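**Q** Mind having a look at this structure? Questions to follow.
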Amino acid sequence: TAHDYNFDRIEELFTGEIGRFQNADGGFRAWKEHQTPSSPYLTAYTALILQAAKKNGRSIPENEYRKAMEYLKSYVARPGTEGYGYVLETFSLIAYVRAADGERRSPLQDFLLQNQAKLSLRAKSHLAMSLALSSGPSDKDAKAVLDRVRNRMEFTTRKVSFKEEAAGSYEQAY
């Protein structure tokens, strides 16, 4: 329950417990008590959180982070049997995480560029950020993808919203 946690120690609780969510293959699962298969999207998201923590001067469990990065590489090489929308959504987040880890322009990014008509707006945003990180902010492909995201914006006097264009995109991602 919430009262069992001392939120002054949330960082310690997170980094101290994270290994209990990691499977032997390096991927993460949603529940530490249940041995469920690794989730590639959750693993990429967790790696992104660890990257942000490290960037902000926090200590992270490096061994768990490295195992997660290896898991993500193996997933890209042999994606699961999930639906195509999930795979594309996951690939785009993985491309962003790998670029934030220092990876230069990759075949994964090129694959996503070739399939960007099938990407959700979130996936396009992850792709644009990955390209900017790996190739520099002036990357022409990153700018083109970002322009496609901007073109899906709708403005009114009360709000700004985005109109999804990819039919069947994996909109329920974390």
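The values are calculated or read from the model by the stated rules, or taken from the named source; none is laboratory data. Treat the numbers as computed from the prediction; the structure is a model and nothing was measured. In this analysis, Cβ positions are derived from the backbone assuming ideal geometry, glycine residues included, and neighbour counts consider all displayed protein chains. Side chains are part of the model used for accessible areas, which takes the heavy atoms of the whole protein and leaves out ligands, DNA and RNA. Shrake-Rupley method; radii C 1.70, N 1.55, O 1.52, S 1.80 Å.
**Q** Give the number of residues within the range 150-174 that are buried (at least 18 other Cβ atoms within 10 Å of the Cβ) and at pLDDT 80 or above.
**A** Of the residues in that region, 0 qualify.
**Q** What residue, of A117, A123, A68, is under 30 Å from P137 (Cα atoms), modelled with pLDDT of 95 or more and hydrophobic (A, V, I, L, M, F, W, C)? Talk me through it step by step, then tell me what you get.
**A** Values: A117 fails: modelled with pLDDT of 95 or more; A123 fails: modelled with pLDDT of 95 or more.
Sole residue among the options that is under 30 Å from P137 (Cα atoms), modelled with pLDDT of 95 or more and hydrophobic (A, V, I, L, M, F, W, C): A68.
**Q** To continue, here is another question. Of all the residues that make up the range 122-167, how many are under 20 Å from the mean Cα position of the chain (by Cα) and of a type in the set (S, T, N, Q)?
**A** Going through the range 122-167 one residue at a time, the tally reaches 4.
**Q** Looking at S74, S59, which one is polar (S, T, N, Q) and open to solvent by less than 50 Å² (accessible area, probe 1.4 Å)? Spell out how you get there, then give the answer.
**A** On the way: S59 fails: open to solvent by less than 50 Å² (accessible area, probe 1.4 Å).
Going through S74, S59 in turn, just one is polar (S, T, N, Q) and open to solvent by less than 50 Å² (accessible area, probe 1.4 Å): S74.
**Q** Could you grab me the full set of residues in the range 75-88 that are within 17 Å of G27 (Cα to Cα), under 14 Å from the mean Cα position of the chain (by Cα) and touching a residue at least 12 places away in the same chain (Cβ under 8 Å)? Before you say what the answer is, go through the steps one by one.
**A** Our first condition is that a residue be within 17 Å of G27 (Cα to Cα); within the range 75-88, this holds for 75-82, 86-87.
The next check asks that each one be under 14 Å from the mean Cα position of the chain (by Cα); those that pass are 75-76, 86-87.
Within the range 75-88, Y75, V76, Y86 qualify.
**Q** Quick one: E33 ticks every box in (1) at pLDDT below 90; (2) touching a Leu at 6+ places or on another chain (Cβ under 8 Å) bar one, so which box is it?
**A** (2)
**Q** Would you pick out the residues in the range 105-163 that are of a type in the set (D, E), assigned to a helix (DSSP H, G or I) and without any contact (Cβ under 8 Å) to a residue 12 or more places away in the chain?
**A** To start, the set of residues in the range 105-163 that are of a type in the set (D, E) comprises 110, 139, 141, 147, 154.
Okay, now just the ones that are also assigned to a helix (DSSP H, G or I), so 110, 141, 147.
Residues satisfying the conditions are D110, D147.
**Q** Could you look through the range 78-89, keep only residues that are open to solvent by 40 Å² or more (accessible area, probe 1.4 Å) and farther than 19 Å from Q116 by Cα, and pick out the one that is modelled with the highest pLDDT? Even if it seems obvious, please write down each step before you answer.
**A** In the first step, residues of the range 78-89 are kept if they are open to solvent by 40 Å² or more (accessible area, probe 1.4 Å); the result is 78-79, 81-84.
With farther than 19 Å from Q116 by Cα added as a condition, the list becomes 78, 81.
Working: R78: 94, T81: 82.
Result: R78.
**Q** How do the pairs read when you match residues in the range 49-74 that are over 26 Å from P107 (Cβ atoms) with residues anywhere that are open to solvent by 70 Å² or more (accessible area, probe 1.4 Å) and assigned to a helix (DSSP H, G or I), using Cβ under 7 Å and keeping only pairs 6 or more apart or on different chains?
**A** Matching pairs, first to second residue: R58/E11; I60/K54.
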